[in-house]
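Novice: Questions regarding the structure given below will be posed in turn.
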Amino acid sequence: MFTPKGIVVPVITPFGSDGTVDFPVYRRVVEHLVEQGVHGIFPMGTTGEFYAVGGEEYRRLLEATVEAVDGRADVYAGANHITTRGVMEQIKLVEQVPGIDAVSVLTPMFVTQTQEELYAYYKAIAGATHMPIVLYNNAPKTNVHIAPATVARLAEIPNIIAVKDSTGDFTNTAEYLRLTRDNPSFHVLLGRDTLIYAGLCCGAAGAIASCANVAPRLVADVYDKYRAGDLAGALEAQFQLNPLRIACGMGTFPAVIKEGLVQQGFPVGKCLDPIAELTQEEKEKLHRILQELKLV
């Protein structure tokens, strides 16, 4: 079974003025990220505005990812929907694209589930596919939380291989790690970029890090230096990264990530409406942070 590891980039989706995916720019961004040494590419996550892409364009985006990565990094795909049936239909599209290593499945949105309903949701999805599945807890966005005890139960299902924790609650992350520590086939991935180093210290396998779109080498350094035993270097990379992640509180996510790429010369466009661009003052603040990091 696939083993998730390292720094995985939930890659942005560039849109043209007509609102369709700009595939040439997308391939350019993916190539840059891989060259900078990230360990995985993940289209159609929250940072990729998954809610804005579907059907044929969704499948083409997955194909473009596999082609651009060309075996140099792991490839994940987001499959997200309010219903169990909807997720299964998306995973069927994923299965049609050879070269994808795992599927990330967000909790349902809008509908508030019990823990038993969440367990049944993920169990049914796992039973309908051979794909390795990453549970995705983004409670700040969905208001749906996968409790540690539920994750521990789900970890016993063979093709549920990991959980991404974007809660920002490190006690929750630590409980995921504690309750699954005796299960070598299950892994925990950080979803809050400020907590990558802390997670690695407690046994996390890596992170799905939105800021790696803008600072791929810096984020990869947190992981690579940690694994090489350079703990001081890993911690320093984490501290350098933190102001960029904290700046993501400006505007509506992922506006800061896209603006950061624009300032670096990647014409990724703005987020789709109704998400607005950053104000001029916010753009200038972001630019100063990128200058300090020598990213512009």
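The values are calculated or read from the model by the stated rules, or taken from the named source; none is laboratory data. Fair warning: this is a prediction, and the values are worked out from it, not measured in the lab. All Cβ positions, even for glycine, are placed from backbone atoms using ideal geometry, and neighbour counts span all protein chains on display.
Novice: Test Thr83 against the stated conditions and say whether it is of a type in the set (Val, Ile, Thr) and either in contact with a Lys or Arg (Cβ under 8 Å, 6 or more places away or on another chain) or within 18 Å of Tyr136 (Cα to Cα) (or both).
Specialist: yes
Novice: Taking region 123-143 on its own, how many of its residues are crowded, with 19+ Cβ neighbours inside 10 Å, without any contact (Cβ under 8 Å) to a residue 40 or more places away in the chain and under 30 Å from Asn242 (Cα atoms)? Before you say what the answer is, go through the steps one by one.
Specialist: Start the filter on region 123-143 by keeping residues that are crowded, with 19+ Cβ neighbours inside 10 Å, which leaves 125-126, 131-138, 142.
The next check asks that each one be without any contact (Cβ under 8 Å) to a residue 40 or more places away in the chain; those that pass are 126, 133, 135, 142.
Narrowing the set further to residues that are under 30 Å from Asn242 (Cα atoms) leaves 133, 135, 142.
Count: 3.
Novice: Out of curiosity, is Asp22 over 25 Å from Ala162 (Cβ atoms) and without any contact (Cβ under 8 Å) to a residue 24 or more places away in the chain?
Specialist: On the way: over 25 Å from Ala162 (Cβ atoms): yes; without any contact (Cβ under 8 Å) to a residue 24 or more places away in the chain: no.
Against the criterion (over 25 Å from Ala162 (Cβ atoms) and without any contact (Cβ under 8 Å) to a residue 24 or more places away in the chain), Asp22 does not qualify.
Novice: How about region 117-145: which of its residues are closer than 14 Å to Val105 by Cβ, of a type in the set (A, V, I, L, M, F, W, C) and under 17 Å from the mean Cα position of the chain (by Cα)?
Specialist: Ile133, Val134, Leu135
Novice: Let me ask another. Name the pairs: first residue in region 243-257 and part of a helix (DSSP H, G or I), second residue of a type in the set (Asp, Glu) and crowded, with 17+ Cβ neighbours inside 10 Å, Cβ to Cβ under 6 Å, at least 6 apart or on different chains?
Specialist: Once the first residue is part of a helix (DSSP H, G or I) and sits in region 243-257, its partners that are of a type in the set (Asp, Glu) and crowded, with 17+ Cβ neighbours inside 10 Å give Arg245/Asp193.
Novice: Oh, and also: Just for helices (runs of 4 or more DSSP H) wholly inside region 62-174: which have at least 3 residues that are within 21 Å of Ala52 (Cβ to Cβ)? Break it down stepwise before answering.
Specialist: Working: elements: 84-95, 115-127, 139-142, 148-154.
In region 62-174, 84-95, 139-142 are the helices (runs of 4 or more DSSP H) which contain 3 or more residues that are within 21 Å of Ala52 (Cβ to Cβ).
Novice: Which one is surrounded by the fewest Cβ atoms within 10 Å (Cβ to Cβ), of the residues in region 1-52 that are polar (S, T, N, Q) and touching a Lys or Arg at 6+ places or on another chain (Cβ under 7 Å)? So that I can check it myself, show each step before the final result.
Specialist: Taking region 1-52 first, the residues polar (S, T, N, Q) are 3, 13, 17, 20, 36, 46-47.
Those still in the list that are touching a Lys or Arg at 6+ places or on another chain (Cβ under 7 Å) too: 36, 46.
Values: Gln36: 16, Thr46: 22.
My answer is Gln36.
Novice: Report, ordered by the first and then the second residue, all pairs with beta carbons closer than 9 Å, sequence separation of six or more or different chains, a first member in region 99-111 that is within 19 Å of Tyr76 (Cα to Cα), and a second member that is among the aromatic types (Phe, Trp, Tyr) and part of a loop (DSSP other than H, G, I, E, B).
Specialist: Pairs found: Asp101/Phe2; Ala102/Phe2; Ala102/Phe42; Ser104/Phe42.
Novice: Pull up region 29-47, narrow it to residues that are within 19 Å of Val256 (Cα to Cα) and assigned to a helix (DSSP H, G or I), then point me to the one that is farthest from the chain's Cα centre (by Cα).
Specialist: In this case the residue turns out to be His32.
Novice: Here is a further query. Please state which one of Gly191, Gly206 is buried (at least 19 other Cβ atoms within 10 Å of the Cβ), closer than 21 Å to Gln115 by Cβ and either modelled with pLDDT of 95 or more or not small (Gly, Ala, Ser) (or both). Steps first, please.
Specialist: Working: Gly206 fails: closer than 21 Å to Gln115 by Cβ.
After ruling out the rest, the residue left standing is Gly191.
Novice: Identify the single condition in (1) crowded, with 17+ Cβ neighbours inside 10 Å; (2) at negative phi that Glu57 does not satisfy, given that it satisfies every other one.
Specialist: Of the numbered conditions (1) crowded, with 17+ Cβ neighbours inside 10 Å; (2) at negative phi, the odd one out for Glu57 is (1).
Novice: A further question on this structure: Name every residue in region 221-233 that is under 18 Å from His39 (Cα atoms), of a type in the set (A, V, I, L, M) and surrounded by fewer than 22 Cβ atoms within 10 Å (Cβ to Cβ), in order of residue number.
Specialist: Passing the criteria: only Ala228.
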